[in-house]
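Some notes on the structure that comes next.
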Amino acid sequence: SPSALVVLLGAIGLGRTWFGIALILAYGLGMAGTLTLTGLLLVKLAGRLGRLAAGGNGVAGRLSSLLPVGTAVVVMLLGLGLIVRSLIGAA
């Protein structure tokens, strides 16, 4: 990543190359751990939400049917916001 390159070049400039390498390794391990834990939690929560949604027409059932629509609306609004921002910046 660009930030890792900046950290490494800064450490080389300060004469502490090994410290820069240690920082980049710690960042990489932390990122890998965070992504792994997030993925495992999502897998567990998806299974539970699926069981709740299959259980009936309660709040969880309605929520699970509205989530795809809500996600699509958020993506569309973000896209429209980017379009408007780019048009305002181009003018």
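In the chain, the inverse of the mean reciprocal separation of distinct Cα atoms equals 17.7 Å; this is its Kirkwood hydrodynamic radius. Between LEU66 and THR38, the FRET efficiency estimated from the beta carbon spacing at R0 = 30 angstrom works out to 0.85. Counting protein heavy atoms only, the chain has 78 percent of its accessible area on carbon and sulfur, 1.4 angstrom probe.
Looking at the chain, the accessible area is 82 square angstrom per residue; that uses a 1.4 Å probe and ignores ligands, DNA and RNA.
Sorted by mean Cβ packing within 10 Å, highest first, what order do the peptides 19-25, 70-76 take?
Details: 19-25: 14.9, 70-76: 10.1.
Going by the mean number of other Cβ atoms within 10 Å, highest first, we get 19-25, 70-76.
The values are calculated or read from the model by the stated rules, or taken from the named source; none is laboratory data. Every value quoted in this text rests on a predicted model; they were computed, and no experiment measured them. We place every Cβ from the backbone using ideal geometry, glycine too, and count neighbours over all the protein chains shown. For the accessible areas, the whole protein counts, side chains as well, though only heavy atoms, and no ligand, DNA or RNA atoms are used. Shrake-Rupley method; radii C 1.70, N 1.55, O 1.52, S 1.80 Å.
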